[in-house]
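Read-outs: derived from the displayed coordinates by stated rules, not from any lab. Because the structure is a prediction, the values reported are computed rather than measured. Here the Cβ is made from the backbone with ideal geometry for all residues, glycine too, and neighbour counts use every protein chain on show.
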Amino acid sequence: MKVSPVEQLFTLFNETSLRLQEELECSFLEALAETGENLFHGSILQEELSELTTKWLKKQYEEIRMDQYSNEEIRKAFQLAILKGMKELSQPNHQMTPDSIGMLAAYLVGKFMKEPSIRLLDPAVGTGNLLLTILNYIDKKAEAVGVDIDDLLIKLAYINANLQQQPVQFFNQDSIEPLFIELADAVIADLPVGYYPNDVRASDYEVKADEGHTYAHHLFIEQSVRYTKPGGYLFFIIPNGLFESDQASKLHDYMKEHLLIQGILQLPLSMFKNKNAAKSIFIVQKKGDGIKPPKQALLVDLPSLSNKAEMDNILVKIDKWFKENKG
Ligand code: SAM
């Protein structure tokens, strides 16, 4: 049976990571980052390896020509290897954004943004899976900035981007601290959900809770708006209960002042473990001179994304909304 390109690459990532994991006594994900670095640099960077392992790795890498694989083949194989490594961990906020959401987001960013060339920001870039899916699928020239507080995830993201030769600048920092970046045309983020622990930093934000810790996802929304050009669009993957929490009124007030709501697309429940974990894509536009709100917001309950017939119907509905509201 013929082995697909994604399987070939996954086997390379997996087997070389296992060998590095054993010899460097590290986690699978750390070993995956090491093997990715080796592949990108075309040499073996870990000096502490035995001669036997160095030789074996060289042979594995020589059997593969990365330039013969498409970006999507590389991303998918890397995604599978990350998923395998993540099974060792179990932090819900570190979950990679699935392809299906990334492809839909690429479609939406492409529809909303009129410019032929755009600058994207993902302030919760994680492994880069969401951002790179968008960069691979979007129908325009795009460059991007990715920020994440987790040093291992962002290392995986930067290797992921390097192997796909995508122009992304990465910053390993807390995104709620000041960012030293140019303003973005659009923001895309699968928001981390929970409390933000630093109340002093949160006090710089309008959405700050009157008492106790502020929700990190609220701070992420405000921070993202600060780094978006007036008239720019923001696409957030949010928990469905965003507007019903105890701190929601602060967020409402903030949004009224700074944002124009474009739409909410509820992702199918079947994508999530349970109703409470379910999410939506929330689309807003930063206010600016001459920017008008849509006549009505785009409200969609998405069917299972693999159901082609129902998805086609929804895409027709979205197209119609664009003609009537953004034409
Ligand atoms: N879209 C990402 C992907 O495809 O891998 C997954 C994003 S994940 C749902 C949320 C991310 O937010 C995690 O990677 C987490 O490390 C990051 N995060 C949480 N708090 C943060 C903070 N204060 N500053 C920067 N990143 C943060």
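Before moving on, here are some points about what is shown:
- Selection within region 283-314 - surrounded by 14 or more Cβ atoms within 10 Å (Cβ to Cβ) and among the hydrophobic types (A, V, I, L, M, F, W, C): Ile283, Val284, Ala297, Leu298, Val300, Leu302, Leu305, Met311, Ile314
- Subset of region 173-222 (residues that are in contact with a Leu (Cβ under 9 Å, 6 or more places away or on another chain) and polar (S, T, N, Q)): Gln173, Ser175
- Subset of region 151-181 [closer than 18 Å to Pro192 by Cβ and among the hydroxyl-bearing types (Ser, Thr, Tyr)]: Ser175
- Among (1) surrounded by fewer than 22 Cβ atoms within 10 Å (Cβ to Cβ); (2) more than 8 Å from the ligand (Cβ to nearest atom); (3) aliphatic (A, V, I, L, M) - the single one Ile149 does not satisfy: (2)
- Region 122-138, subset assigned to a helix (DSSP H, G or I) and among the hydroxyl-bearing types (Ser, Thr, Tyr), residue farthest from the ligand (Cβ to nearest atom): Tyr137
- Which listed residue is touching a Ser or Thr at 6+ places or on another chain (Cβ under 9 Å) and surrounded by fewer than 20 Cβ atoms within 10 Å (Cβ to Cβ), from Glu72, Glu63: Glu72
- Any hit, region 231-254, residues being assigned to a strand (DSSP E or B) and in contact with a Gly (Cβ under 9 Å, 6 or more places away or on another chain): yes
- Wholly enclosed helices (runs of 4 or more DSSP H) of region 14-101 bearing at least 2 residues under 24 Å from the mean Cα position of the chain (by Cα) and more than 16 Å from the ligand (Cβ to nearest atom): 28-41
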